[in-house]
Structure formats: structure tokens, C-alpha cells
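Let me begin by presenting the structure, written as C-alpha cells, before commenting on it.
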Amino acid sequence: MTRARSFGLPMPGTPGPNNAITDVPGVEVGYTTLISGDGPLRPGAGPVRTGVTALLPRGRAGFLDPCAAGMYSLNGNGEMTGSHWIAETGALTLPVLITNTHAVGACHRGVIDWSLRERPDAREWMLPVVAETWDGYLNDIDGDHVRPEHAIAAIDAASGGPVEEGSVGGGTGMNCYGFKGGSGTSSRVVEYGSDAFTVGAFVQANFGSRRQLTVRGVPVGADLADDNPIEDDDWLAPPGSGSVIVVIATDAPLLPGQCTALARRVPMGLALTGTYGGHSSGDIFLAFSNANPGAISGGFPDPEPRYDTLRFVQWNQINPFYEAVVQVVEEAVLNVLLAARTMVGRDGLRSPALPHDRLRDLLTARRLL
């Protein structure tokens, strides 16, 4: 699997051991990938190019322990369930799932079913967070192919360590800058006094017009304008009108408002890859801190009143975490583009892979490589 750093791109900052969101202690990622069928679209039968991504902020053992969280919507033509409750309480509970636009309901049900299986006593109230981007260019999106059991399987598959990128999980059928898009991740280590914390990003990339694509400051999109069937067809929406979901995780102790501030920095990382956040795109971002276990309450009250005590980074020392967010988001998008391979989906529609050799030539000419 090719990634930005293995390709030779000079990326700023120090990544964690896997350069992935799972470098944040406790965070786990799992996928269900659904690929079947070829040829003409037969609604309900395929072809299928879709899936589910699951992110567990505290792993299985701590899935009912809320995290401090905040979210930000750059462009609201998309869905992230549970976001109003996050805005109200600053608390995130349960696994976070990402899928296609028409599979949100199935994944929502799947999170509830999985949670009840794991903790049958957790029956009072659940409001899962499920986000989406649209994969209908390649996938039979109306076919009801993602079921609750696929969401459960993605959560069951979640683990730490290296994370597969490209056309996997919820990102299976996605496109980015007129090339094959999908799932990507990156991380940074942030020094804070005598401590070191990790900031990680997970991106489901389905956005951007070919002409916008920029790689480490070099505008390459115009030089890669050929072989662009997604935008040449112009069959559904203007170029660049897709969507992107970004999840930021950290083990740095942060307040909910500080998590929101991290989520607001995500667009700066996306902009480094060329996008300006076009109208009709759904660009929605979630950030959470899994520090302070047991200290964030967001649901029903405890039997007895008590006080929560939070340790948190000083506001006037938060800039290195902002910088890390920008860096991991940019790199995660580049990892998506470099990892994804050409995919043919419904009706023979094709999403081409980013051509590595041509990109290398362009960047070498600009002395970036």
C-alpha cells in the first residue's frame, strides 16, 4: 500500500508508529467492505461497491464511557447523526460509524444492536453517531445492501495497529478530486511540556474537482486533467460537489470546546490539498478526546449528584494541536489518493486511480521529490 511518506512526499511533523488514528491509545478501527457484481445497474441487485467503517474511541472495553467531543460543519449537505447532542453536552458515546448516504439507518440500528449484545443492561437510551458520503456513481446506492449485521461486523473487526486505506469500508465506492477516493488516516505526536500526546485523523474522502488537486503546494490537477470520466460525464452534479467526513482523535486532555476548535481546523488541512468546500458538498467534522476516563457525563444522571473533575490543556498552549490537525488531515487525504486503485462499478462507470508515475514526474520537475 503506497502512502504519502513511502511515495517520498516531504510531510511535516512526527507521526506515531502507524501514522494512523489508532496511534491514539485506545482508538480502534474496523471495516466491512462490500464488493460484488458487474455490468448494468439492477436496483436491489447491484453492482455493489460500498461498506462500513467503525471507529471506537475507547475500544470495546470503554464504549459506554463518554469522551469530550465537538463537531463542525463546513457545508451541511450531509449527515452526522447525534451531532445535536454533542453540541449540547460535549459528550460522545458509542462507536462512530461512516458509510454511504442511504445506509445511515442500517448502521444506526447496527450500533444499537451491537451495544445491546455487548451490554444487555445498557437499555435506557442510545444516540449513535453515524456519518455518510455518497457513493452512487459506482454503487447501487438505493439497493439496501448495507444491513445492520454489516455494521456489527465492522465494529467486531475493529482493532488497533495499522489501518488499511483506499477503497475499503465506508470509503469503498468514493471518489476524490476526480480520482478513486476512499478511506485514509494519519497521526502526529505533539509535545506538551514533559508529556507527549497523539493527534490522529480518519478521512472518508469523496470530494474535490480534478483541477483543484494540489500536492504539497504543487498544483497538479490541471496537468492530470485527462482520463477524467467522473467529471467528463457531468451526469449528476457539478465537479467537486462530493463530500468528506473527518474524525479527529487525541489522547490530550481537552474540554469539549477545545475539541470543537480542533474540528474547526480541519478545513485548513483539506484546503492544502486544493478544495475550497464547494456548494452541495457535505463537509462535516468530529473531534474527540479520550482522556479523562469516567469524567465526562452526557446521558442519564448518576444515582447521586457528584462533581466531575477535568484536566485540560491550557487554551493559550493549544496551537501545536491545531497545527497537528492541519497536518494529519492533509496527509490522510494524500494517503487516500495514493492507496486507492482504479475501480469499475455500476453501468461500467470507472473511477481511475491517481497515476503515480505522472505525479512523480510533475513533483520531480518542481523539485519536491
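Values computed for the structure shown
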item: Leu255 closer than 20 Å to Pro12 by Cα and either under 19 Å from the mean Cα position of the chain (by Cα) or surrounded by fewer than 24 Cβ atoms within 10 Å (Cβ to Cβ) (or both); result: no
item: Some residue of the range 171-189 being surrounded by 20 or more Cβ atoms within 10 Å (Cβ to Cβ), of a type in the set (Ser, Thr, Tyr), modelled with pLDDT of 95 or more and within 22 Å of Gly110 (Cα to Cα); result: yes
item: Hits in the range 293-343 - residues which are polar (S, T, N, Q) and buried (at least 21 other Cβ atoms within 10 Å of the Cβ); result: Gln327, Asn335
item: Residue check, Ser280 among the small types (Gly, Ala, Ser) and closer than 23 Å to Asn19 by Cα; result: no
item: Failed item in (1) touching a strand residue (DSSP E or B) at 6+ places or on another chain (Cβ under 6 Å); (2) surrounded by fewer than 21 Cβ atoms within 10 Å (Cβ to Cβ), with Leu362 passing the rest; result: (1)
item: Top-ranked residue in the range 156-168 [being in contact with a helix residue (DSSP H, G or I) (Cβ under 7 Å, 6 or more places away or on another chain) and surrounded by 24 or more Cβ atoms within 10 Å (Cβ to Cβ); ranked as farthest from His102 (Cα to Cα)]; result: Val163
item: Within the range 64-155, strands (runs of 3 or more DSSP E) holding 2 or more residues that are buried (at least 19 other Cβ atoms within 10 Å of the Cβ), at pLDDT 95 or above and of a type in the set (S, T, N, Q); result: 96-100
item: Those residues of the range 341-367 which are in a loop (DSSP other than H, G, I, E, B) and farther than 21 Å from Met1 by Cα, in sequence order; result: Gly345, Leu349, Arg366, Arg367
item: Matching residues, the range 239-293, being of a type in the set (Asp, Glu) and more than 19 Å from Glu79 (Cβ to Cβ); result: Asp251
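The values are calculated or read from the model by the stated rules, or taken from the named source; none is laboratory data. Note that this is a predicted model, so its numbers are computed, not measured. When we count neighbours, we look across all protein chains shown, and the Cβ atoms used for this are built from the backbone with ideal geometry, even at glycine.
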